[in-house]
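Beneath this line is the structure, given in structure tokens, with notes to follow.
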Amino acid sequence: MRHNLTLQDISRLSFIFYMQIFYTISKIKKYISEHKNKKISIGFVPTMGALHKGHISLIDRAKAENDICICSIFVNPIQFNNKEDLLNYPRHLENDITQLIAVNCDILFAPSEKEMYPVPDNTIYNLGGLDKFMEGKFRLNHFNGVAVIVKKLFEIVEPNRAYFGAKDFQQLVVIKYLVKKYSIPVEIISCNIVREDDGLALSSRNARLTKEERAIAPFIHQILLKAKEKSRTNSVNEIKNMVSEEINAKPLIKLEYFEIVNKSTLENIEKIDDFSDCIACIAVFVGNIRLIDNINFL
Ligand code: AMP
């Protein structure tokens, strides 16, 4: 059941809410081994915190489809290729805990960096080349860093199902591959993108936008909608030109990439034969903040 409570309500009523918080691997593993014996299904939502309604939609789904829901909060340093982005990444653990309690999340795993990386983990994963497209071109080693942490977390939490947002579409495809390639026994569930009323995809980074930048940011979704509409009548090249021209004409937004790719292989699509295969993915800088989004063409 979902509670719409204010912060004051929660602190007043906190004695009736219950969420266990683990900070160490040994403690959560002990809890999990006890529960696995009872054949309890675990739904897992890995996050980097600064939770918003997008994350909460994943928690809601994990709760609905499993006996218990575990959320992790860990800002994974090795998936950042930009020091400044890592330093400025929003961290609001207390507020996150309040939100998780309000939606009846059962367990929070919030390890420290030392706990997750007592020694550096230099494992290199074969991600089938899926890590080389789009984000991979601009964020060197990003997906290897994601694979390292997600695999580690799966080994600790042993979830039956793990929930990922379609906002990070390439991440979803990479993780599905990782799980198949390394025979990890978990079902990966893709969850819809949650948006603001004006269309901007929710992101922890949105909080760092200035008022002017926030006002222009919904243009990202608008241009994706326009690209989809144009896909019915125009060629891939025409759509790409339209997107880059319109974005670059806007103040405060700079296009990093816009690609129309095959949803499974992530390879560029030159000519659209089947809309159901196509997804358009975009990365832009709004001021200094890098935002990504995507749209299915079907
Ligand atoms: P993050 O904390 O950014 O690593 O995100 C944790 C999970 O939440 C990832 O699976 C994201 O894809 C997902 N997520 C982030 N933003 C949204 C959104 N607007 N809608 C749905 N899922 C999201």
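The values are calculated or read from the model by the stated rules, or taken from the named source; none is laboratory data. Computed from a prediction, not measured in an experiment: that's the story for all the values here. Positions of Cβ are generated from backbone atoms using ideal geometry, with glycine treated the same way; all protein chains shown enter the neighbour counts. Remember, those area values only see protein heavy atoms, side chains included, never the ligands or the DNA or RNA. Shrake-Rupley method; radii C 1.70, N 1.55, O 1.52, S 1.80 Å.
Listed by first and then second residue, the pairs with beta-carbon distance under 7 Å, at least 6 apart or on different chains, first residue in the range 85-103 and in contact (Cβ under 8 Å) with a residue 24 or more places away in the chain and more than 20 Å from G287 (Cβ to Cβ), second open to solvent by 80 Å² or more (accessible area, probe 1.4 Å) and among the hydrophobic types (A, V, I, L, M, F, W, C), are T98/L7.
Can you find even one residue in the range 241-255 that is open to solvent by 80 Å² or more (accessible area, probe 1.4 Å) and under 21 Å from the mean Cα position of the chain (by Cα)? Looking through the range 241-255, none of the residues is open to solvent by 80 Å² or more (accessible area, probe 1.4 Å) and under 21 Å from the mean Cα position of the chain (by Cα).
Hey, can you tell me all the residues within the range 60-77 that are β-branched (V, I, T) and within 13 Å of I97 (Cα to Cα)? Show your work before the answer.
The first filter runs over the range 60-77 and keeps only residues β-branched (V, I, T), leaving 68, 70, 73, 75.
Selection gives I70, I73.
Each residue in the range 203-224 was checked for being open to solvent by less than 40 Å² (accessible area, probe 1.4 Å) and either over 21 Å from L255 (Cβ atoms) or in a strand (DSSP E or B) (or both), and 1 pass. Would you mind stating whether S190 is touching a Leu at 6+ places or on another chain (Cβ under 6 Å) and within 19 Å of I59 (Cβ to Cβ)? Spelling it out, S190 is indeed touching a Leu at 6+ places or on another chain (Cβ under 6 Å) and within 19 Å of I59 (Cβ to Cβ). The strands (runs of 3 or more DSSP E) found wholly in the range 97-194 and carrying at least 1 residues that are surrounded by fewer than 19 Cβ atoms within 10 Å (Cβ to Cβ) occupy 161-165, 187-191.
Scanning the range 256-291 for residues that are open to solvent by 40 Å² or more (accessible area, probe 1.4 Å) and in a strand (DSSP E or B) returns E256, N268, F285, R290.
Of everything listed in (1) closer than 18 Å to F44 by Cα; (2) out of contact with any helix residue (DSSP H, G or I) (no Cβ under 7 Å at 6 or more places or on another chain); (3) among the hydrophobic types (A, V, I, L, M, F, W, C); (4) in contact (Cβ under 8 Å) with a residue 60 or more places away in the chain, the single unmet condition for V179 is (4).
Only one of G165, G136, G145, G128 is in contact with a helix residue (DSSP H, G or I) (Cβ under 8 Å, 6 or more places away or on another chain) and more than 23 Å from S204 (Cα to Cα); which?
Working: G165 fails: more than 23 Å from S204 (Cα to Cα); G136 fails: more than 23 Å from S204 (Cα to Cα); G145 fails: more than 23 Å from S204 (Cα to Cα).
On inspection, the qualifying residue turns out to be G128.
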